[in-house]
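These notes are about the structure you will find just below.
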Amino acid sequence: MEEIKAYKPKCCKKAYICKGSATRHEKLCCKNPDNKACITCGHFITDYHTVYVQPHGDQNYGDADYDIKYYHCEVDGVNIGSDYFNDNNAKPFTKNCKNWVLKEGE
């Protein structure tokens, strides 16, 4: 096995052989708090919607119910990055949001 030198951005666990690639990634990464992206915001809420599976006839599916993960913004209540609810008002993950605040524990 050969040991190599690599560069790791401060925002995530990826590693790059070239320093320029790591720097470029850091400028674009949604996990970098400097980019003020949804995923690092204190208003970014992860929630779950349970889908209940109805039994058909005499069949009992038991644990067939499942949860769908979705995200929303606490400030404006809009769904973020989820097409499950067919919400025309849903917005994509954003960067440089005017309502961004640092998530506690970051």
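Coordinate-derived values only; no laboratory data. If you're wondering where the values come from, they're calculated on a predicted model, not measured in any experiment. Because the Cβ atoms are built from the backbone with ideal geometry, glycine has one as well, and the counts that use them run over all protein chains shown.
Extension gain, C12 to N96, is 28.4 nm, computed as 0.36 nm per intervening residue step minus the present C-alpha separation. Each of Y70, Y16 has some number of other Cβ atoms within 10 Å of its Cβ, and from fewest to most they run Y16, Y70.
With the simple model of a label 7 Å out from the Cα in the direction of the Cβ, A64 to D47 spans 2.7 nm.
Which of H43, H72 has the fewest other C-beta atoms within 10 Å, and how do the rest follow up to the most?
H43, H72
For a paramagnetic label modelled on E74 (point 7 Å from Cα along Cα→Cβ), amide N atoms under 16 Å away belong, within the range 27-56, to 37-48.
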